[in-house]
1. FRET efficiency for residue 56 and residue 34, Cβ-Cβ distance as r, R0 = 41 Å, nearest 0.05?
2. Counting other C-beta atoms within 10 Å, and keeping those with at most 12, which DSSP coil GluC sites (Glu not before Pro) do you find in region 1-106?
3. Using alpha carbons only, how many degrees (0 to 90, rounded to 10) separate the axis of helix 54-64 from the longest principal axis of the chain?
4. Across region 42-49, in residue order, what do the Karplus-derived ³J(HN,Hα) couplings come to in whole Hz, using 6.51 cos²θ - 1.76 cosθ + 1.60 with θ = phi - 60° and x for Gly and Pro?
5. If you count only protein heavy atoms with a 1.4 Å probe, what accessible area per residue comes out for the chain, rounded to a whole Å²?
6. Compute the length gained on full extension between residue 116 and residue 69: take 0.36 nm times their separation in residues and subtract their Cα-Cα distance, giving the result in nm to one decimal.
7. If you fit an axis through the alpha-carbon atoms of helix 73-82 and take the longest principal axis of the Cα set of the chain, what angle between them do you get, 0 to 90°, nearest 10?
8. To one decimal place, what Kirkwood hydrodynamic radius in Å is obtained for the chain from all pairs of distinct Cα atoms?
Amino acid sequence: QTHFGDGKISVGVKIGSGAADQIVAATVNPRLSEDGSLWLSQPSTNAGRLDIPAGWTIARLQSWLPPEIRERDMTGRMLDALRQRGPVLPSTWVDLEDGRRIKLLDVRVEHERLLLTCVTEIPNDQSSTARAD
């Protein structure tokens, strides 16, 4: 489950451990750095209703994840970002299948919404870009 509010994103996951399920949640502030990378700052975590150190939760989360998720490149980047060791996305350019590229210019969390501002670059025409808010 995901909640957007007050500049923060909270993500909760139910993890089954055989005997009992555990709810683990992380709350972060997304931010774009000057070099265009996307970071998650000020992480806080909890297990159930208990606030716990982010480092402990992240280490446990990594061991709880199924191998097919744990071994993905994006999972590693996300866990490193939660540990403040690197950005979630080193570049905010995304290549689309039709040849267009999208660049993330701004990310805001407000009024229970995630607001993204992007520019679309059309191939072979560097002078025309479309901006969507």
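The values are calculated or read from the model by the stated rules, or taken from the named source; none is laboratory data. Since the model is a prediction, treat every value here as computed from it, not as a measurement. Ideal geometry is used to build each Cβ from the backbone, glycine not excepted, and the neighbour counts take in all protein chains shown. When the accessible area is computed, the model is the full protein with side chains, heavy atoms only, and any ligands, DNA or RNA have been set aside. Shrake-Rupley method; radii C 1.70, N 1.55, O 1.52, S 1.80 Å.
1. Details: r = 31 Å, r/R0 = 0.77.
The value I calculate is 0.85.
2. Counting only loop positions with at most 12 other Cβ atoms within 10 Å, the GluC sites (Glu not before Pro) in region 1-106 are 34, 71, 97.
3. 90 degrees
4. Coupling constants for region 42-49: 6, x, 9, 9, 8, 10, x, 9 Hz.
5. 67 Å²
6. Here the segment from residue 116 to residue 69 would lengthen by 14.3 nm.
7. Between helix and principal axis, roughly 70 degrees.
8. Answer for the chain: a Kirkwood hydrodynamic radius of 16.5 Å.
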